[in-house]
Amino acid sequence: MAFLQRQVLKRTVEGAKSAHTLIYRSSFSTVSSASSSVADAPPQLPPFGYEPRPYAGPSADEVLEKRKKFLGPSLFYYYKKPLNIVEGKMQYLFDESGRRYLDAFAGIVTVSCGHCHPEILDAITEQSKLLQHATTIYLHHAIGDFAEALATKMPGNLKVVYFVNSGTEANELAMLMARLYSGNLGMIALRNAYHGGSSSTIGLTALNTWKYSIPQGEIHHVVNPDPYHGIFGSDATRYAKDLQDHIDFGTSGKVAGFIAETIQGVGGAVELAPGYLKQVYDIVRKAGGVCIADEVQTGFGRTGSHYWGFETQGVIPDIVTMAKGIGNGLPLGAVVTTPEIANVMSQKIQFNTFGGNPVCSAGGHAVLRVLDKEKRQAHSAVVGSHLLERFRALQERHDIIGDVRGRGLMVGVELVTDRKEKTPAKAETAVLFEKLRELGVLVGKGGLHGNVFRIKPPMCFTKDDADFLVDALDYAMTKL
């Protein structure tokens, strides 16, 4: 554990290495926190011209007591002393005392445009004044306008939209479509995947921490094409062969479909080996199945390089599921597919009471407009590249950082106690997690062992915010 006790001041007097370190530090002088030494003074949040309203509600202790009494015991919370978050503005959150925090997790990758974005709030408020709910048994322009706008963002013949209320619902509907259209039952998913927590989608999920001991149906999990932990490294062809072998030896030879996240979210920001989906989609289609892209976390420009995560692999799915960022916090999800596949749903009555309700449709449509108007995809590419560059430089100075990965503003930092063995640094991650909160940074945790920091902030996150986040982690690691 000697690497956790190194001091930056000692390192900066080591000849040429010292010069390199000083040059590196000065090259990121956008804000004072980035150019200051990480010796004694903790980094400070970038300036933000907003004052939260005075809070007069119940205290954190009172909220927690009521939550324990009336809500399910399966609910968990972050931090030894849970935060009572009472207000949000763009990339920042405020607790009951008015203290500001940098939200680097975006409500679990949900707040895409920023907390309480004024244009989205206006759209929601104006629609709420007119009509909140009617269902699709009547006509209303909002759902059609939103569906049209969403369809224009899709490649190929992905033009038919179904609105639901969450990512779990979206993936469950997609699985139903795949089975009806193909006439087969078997679904294939990846190990380390997360696709929801309902009694059906829990079968697609492949992390034991999220699975109950219930029947999961005709679902098969193949080897994860993980470039860092995977048995074949970044060799997409060998991972694809494993999937082919599974179809040949573990199924009837026919499958209903294959579902994957392009960058696994809950699993720890794991980006699939380059070229994997192109090979696998071909194999699955030859076996009679359809290909489903889970864009619940990677969609809407978050990766920076592309609007949809699946585009990074050069493929066009048969079905795309989405949620989270589509509503900037509204309970909203969607499934987009081809007219041919959508037609199978007309065999029976398919209905969703709240899916595409006027308020969520107006809000979701506003999200699409804001993302375009503020050029958030390009912004995510620029800021994300800066963030990844800084994290990789930090990796050179702290051996506890085993891997830095991701795209745009969907980044993972994996902590290990041994770089060769890649042993999860579970205890150290927990300590650093608390320390970051003390410094004013809120991040997520992921991976089976909870040793991956998930950095997935609102897409209005700036370079100054990125510098503060990295400096805070540097400071915390130096103080371990």
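The values are calculated or read from the model by the stated rules, or taken from the named source; none is laboratory data. Only a predicted model underlies this, so the values are computations on that prediction, with no experimental measurement involved. We place every Cβ from the backbone using ideal geometry, glycine too, and count neighbours over all the protein chains shown. The protein model used for the area step is the full one, side chains on, heavy atoms only, and it has no ligands, DNA or RNA in it. Shrake-Rupley method; radii C 1.70, N 1.55, O 1.52, S 1.80 Å.
Figures for the structure shown
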{"read-out": "Eligible lysines near Lys81 by straight Cα distance, threshold 22 Å, same-chain separation 8 or greater", "value": "Lys66, Lys68, Lys69, Lys426, Lys435, Lys445, Lys479"}
{"read-out": "Prolate/oblate/rounded label for the stretch 71-213 (Cα gyration tensor, a/c 1.5)", "value": "oblate"}
{"read-out": "FRET efficiency, Lys66 to Arg191 (Cβ-Cβ, R0 45 Å, nearest 0.05)", "value": "0.70"}
{"read-out": "Centroid-to-centroid separation of the stretch 408-437 and the stretch 275-349 [C-alpha atoms, Å]", "value": "30 Å"}
{"read-out": "Most to least packed among 331-344, 206-219, 313-326 [average Cβ atoms within 10 Å]", "value": "313-326, 331-344, 206-219"}
{"read-out": "Cα gyration tensor shape for the stretch 330-477, rounded if a/c is under 1.5, else prolate or oblate", "value": "prolate"}
{"read-out": "nm² value of the averaged projected area, convex hull over the Cα atoms of the stretch 201-273", "value": "5.3 nm²"}
{"read-out": "Extension gain from Ser198 to His229, taking 0.36 nm per residue of separation minus the Cα-Cα distance", "value": "8.4 nm"}
{"read-out": "Pairs of Cα atoms farther than 13 Å apart, the stretch 248-288, %", "value": "60 percent"}
{"read-out": "The stretch 63-133, Cα convex hull volume normalised per residue, Å³", "value": "152 Å³"}
{"read-out": "Overall Cα dimensions of the stretch 393-480, principal axis frame, Å, largest first", "value": "37, 27, 23"}
{"read-out": "Nearest-10 value in Å² for the accessible area of Lys422, using the 1.4 Å probe", "value": "60 Å²"}
{"read-out": "Compactness relative to 2.2 N^0.38 Å, alpha carbon Rg of the stretch 358-400", "value": "1.84"}
{"read-out": "nm² value of the averaged projected area, convex hull over the Cα atoms of the stretch 409-454", "value": "3.3 nm²"}
{"read-out": "Extension gain, Arg419 back to Thr152 (0.36 nm per residue minus Cα-Cα distance, nm)", "value": "91.6 nm"}
{"read-out": "Inter-label distance, nm, simple model (7 Å from Cα along the C-beta direction), Arg369/Ala427", "value": "5.5 nm"}
{"read-out": "Spatially proximal lysines relative to Lys463 (Cα-Cα < 17 Å; intrachain offsets below 8 disregarded)", "value": "Lys375"}
{"read-out": "Reachable lysines, given that their alpha-carbon falls under 26 Å from the alpha-carbon of Lys286 and they are not under 8 places away in the same chain", "value": "Lys159, Lys241, Lys254, Lys278"}
{"read-out": "Label-to-label distance, nm, for residues given as His398 and Phe351 (7 Å Cα→Cβ offset)", "value": "5.4 nm"}
{"read-out": "Antiparallel DSSP beta bridges within the chain, percent to nearest 5", "value": "70 percent"}
{"read-out": "Rounded Å value of the spacing that divides the Cα centres of the stretch 52-126 and the stretch 228-263", "value": "39 Å"}
{"read-out": "Cα gyration tensor shape of the stretch 180-307, rounded if a/c is under 1.5, else prolate or oblate by comparing a/b with b/c", "value": "rounded"}
{"read-out": "Helical segments meeting 27 Å axial Cα length and Kyte-Doolittle -1.0 threshold in the chain (DSSP H)", "value": "376-397"}
{"read-out": "Accessible area, probe 1.4 Å, largest first, for residues His117, His141, His246, His449", "value": "His141, His449, His246, His117"}
{"read-out": "Convex hull volume per residue for the chain, taking Cα atoms only, in Å³", "value": "157 Å³"}
{"read-out": "Cα-based Kirkwood hydrodynamic radius, the stretch 157-197, one decimal, Å", "value": "11.7 Å"}
{"read-out": "Gain on full stretching of the segment that runs from Lys254 to Tyr79 - 0.36 nm per residue minus C-alpha separation", "value": "58.4 nm"}
